[in-house]
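The values are calculated or read from the model by the stated rules, or taken from the named source; none is laboratory data. Just so you know, these numbers come straight off a predicted model, no measurement behind them. All Cβ positions, glycine included, derive from the backbone under ideal geometry; neighbour counts span all protein chains shown. Note: areas computed on protein heavy atoms with side chains; ligands, DNA, RNA excluded. Shrake-Rupley method; radii C 1.70, N 1.55, O 1.52, S 1.80 Å.
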Amino acid sequence: MELKRRFIFSIFGNLFRSGITFFTNLYLARALGPEEFGRYSFYIATFLTIFQFTDLCAINGYFTL
């Protein structure tokens, strides 16, 4: 029973987070305009890629141990 409750809570939490992210991106796209939003998206993608290469899964190892 506990596993089912946690699973349902996790699904609703992920849906809520996805909705917030979607509407935030819609708002930013309208507020910044096409050129600035494209530049913003490029910077975010670049920094996330650099973070993933330098992370070495240390966060996952920390929580696993």
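With everything on Cα atoms, drop me the angle between helix 2-55 and the longest principal axis of the chain, reported from 0 to 90° to the nearest 10. Long axis of 2-55 versus the principal axis of the chain: about 20 degrees. Using just its DSSP H runs of length 4 or more, each adding -39500 (n - 2.57), the chain gives a mean residue ellipticity at 222 nm of -34000 deg cm²/dmol after division by all residues.
Classify the chain as rounded, prolate or oblate from the Cα gyration tensor: take a ≥ b ≥ c as the square roots of its eigenvalues, call it rounded if a/c is under 1.5, otherwise prolate when a/b beats b/c and oblate if not. It would help to have the intermediate numbers written out before the result.
Numbers: a/c = 6.26, a/b = 1.35, b/c = 4.62.
Oblate, since a/c reaches 1.5 and b/c is not below a/b.
Per residue, the chain exposes an accessible area of 100 Å² to a 1.4 Å probe, with every protein chain left in place. Once the Cα-Cα distance is subtracted from the 0.36 nm per residue extended length, the PHE23 to PHE47 segment shows a gain of 6.5 nm. Between the residues GLY61, LEU48, ILE20, the greatest Cα displacement towards the positive end of the dipole of the chain, with unit charges on the Cβ of Lys, Arg, Asp and Glu, is found for ILE20.
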